[in-house]
1. Return the ratio Rg/(2.2 N^0.38 Å) for region 1-137, where Rg is computed over Cα atoms only.
2. Give the average over all directions of the projected area of the C-alpha convex hull of region 228-300, one decimal, in nm².
3. Taking the Cβ-Cβ separation of K291 and H179 as r and a Förster radius of 41 Å, what is the calculated FRET efficiency to the nearest 0.05?
4. To make sure I understand the rule: partners must be aspartates and glutamates, Cα under 13 Å from the Cα of K29, and not fewer than 8 residues away in the same chain. Which ones qualify?
5. Provide Y26, Y144 in ascending order of the number of other Cβ atoms located within 10 Å of each residue's Cβ, fewest first.
6. If all Cα-Cα distances of the chain are sorted into 20 Å bins from 0 onward, what percent lands in each bin, rounded to whole numbers?
7. Taking +1 at the Cβ of each Lys and Arg and -1 at the Cβ of each Asp and Glu, which of I140, N110, S70 sits farthest along the dipole of region 8-292 towards its positive end, judged by Cα position relative to the Cα centre?
8. Can you sort D90, D177 so the residue with the fewest Cβ neighbours within 10 Å comes first?
Amino acid sequence: MSSEAPARRTFTYKTVGKLEIPLDLYLPKDAKDVPVLLWFHGGGLLQGKRNSVSPHMLRAVQKYNIGLVSADYRLAPQVGVAEIYEDVRDCIAFIRKELPGRVGGKEIVNTERLAVSGSSAGGYLAFLAGLYVEPKPQLILPIYPITDPLGLFFTTSQPPALGGGEPDMEAVKPFLDVHAEVVASNERGGKRDGMYGYMLKSANLADLLKMEVGENTWRVARMIHERGLPPAYVVHGDVDSAVGVEQADEAVGVMVGLGLEVRYERLHGVEHLFDKQETVELEKMYEFMTKHLQRDVEPPSYQEPER
């Protein structure tokens, strides 16, 4: 089922001090007026890199005639979730305002039609984009997302995810220094890749993200009533050992309760990272995306329900 990967172009969307933060753009052949799917990688906001795009998403570029953007962002704990959200906001602003001019104009890529996706921690960033970026994207597509770093899953010590071994608690110590150099990615296989396992065992994601106790800004389900969300398609497996499925359950439940448009593909017996397999297509998710990125679909709006 594999096919030739689309060509990639890299742009710096933001510079913080001396740190350049890049994104990759993949366009279909003979691109014309294509909408944009922005995807953020996982890793607990602690590790990872934009080149970890799943095969189904790379295939989607040609199959669904979209421009795919995969973006890096600054990593915690050297920055907190507030600064990481700023990267999300600034990345979307760059896409909307500057990206068309870099690739030949809106006749090539139409950034007024934008979907935001992400996997795991990236799915969390997709939710934050849906809550706080204005104007809101047309839709969000969170895949096995984190939704609440202060939820039970992340405040209870967890066994190693995905059948892995115990984390090397000593190896990650250099990356716990909040005054260490700020980075926006790390290469796969390095010692920083132990940060997620360390966090699960230590049950301290909120601390690493500099979240204040009692502050609900970064707790997705608690903010939907106030901020609203665009249409959402959420995918999560019910035996996920890296992000408990109750994280998605809670956010989806609030959307349903408020009458917001949401589709939930809650997959039975499916683990974290399942969509890294070559055979996975997530066709229903892309059908939902295609419907909401049509040219005649109005951008989402939200009015808080009457109390």
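Coordinate-derived values only; no laboratory data. Being a predicted model, the structure only gives us computed values, none of them experimental. Cβ placement follows ideal geometry from the backbone for every residue including glycine, while neighbour counts extend to all protein chains displayed.
1. 0.99
2. So the Cα hull casts an average projection of 5.6 nm².
3. After rounding, the FRET efficiency stands at 0.30.
4. Straight-distance partners of K29: E4.
5. Fewest to most other Cβ atoms nearby, the residues stand as Y26, Y144.
6. Once binned at 20 Å, the Cα pair distances of the chain give 35, 60, 5.
7. N110
8. The most exposed by this proxy come first: D177, D90.
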